[in-house]
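Q: Sharing a structure with you now.
Read-outs throughout are calculated quantities, based only on the coordinates presented, and are distinct from any laboratory measurement. Computed from a predicted structure; not experimentally measured. Cβ: placed from backbone, ideal geometry, glycine included. Neighbour counts: every protein chain shown.
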């Protein structure tokens, strides 16, 4: 690099590339903020646990969160369908869940945090199968929960 203009041009190019890189990183970070938002449990009352015995109606290993539904009878003899949110299929499979571990008609005991709005939704804590096998929802414990064994 001999002349002053060549050096100035070189450092100008480096500055432009660094600015472009920082702009790309900032853009990526701004775009990724909503991705973390869907993982909240704000819709559920994590300080409350309900345990119900019921019959499985549906189970799907699907991203981003697997779900299963079951029917349970309340104190008045009325049947209510509940849908539980679980972890990702990969997390569940790592701790022993399979596509056929819950089949329609299976009798289960389910412990979960209910939806704050009273809807038939819950954030699963665990499921106890008829043979006594206990399945956790997968993932880590969350704010507001105590004693969650994974």
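Q: Sorted by packing (mean other beta-carbon atoms within 10 Å per residue), highest first, where do 75-84, 105-114 land?
A: 105-114, 75-84
Q: Would you mind computing the Rg to Rh ratio of segment 50-136 from its alpha-carbon coordinates, Kirkwood style for Rh?
A: 0.94
Q: While we're here: Express in nm, to one decimal, how much length is gained between residue 15 and residue 116 on full extension, taking 0.36 nm for each residue of separation and deducting their alpha carbon distance.
A: Result: 31.2 nm gained on full extension.
Q: Expected output is a single nm value to one decimal: the length gained when fully extending between residue 67 and residue 79, i.e. 0.36 nm times separation in residues minus the C-alpha distance. What is it?
A: Residue separation times 0.36 nm, minus the Cα-Cα distance, leaves 2.4 nm.
Q: Here's a follow-up. Applying a 10 Å radius around every beta-carbon, put 47-54, 86-93, 121-128 in order of their mean neighbour count, most first.
A: Descending mean neighbour count gives 121-128, 86-93, 47-54.
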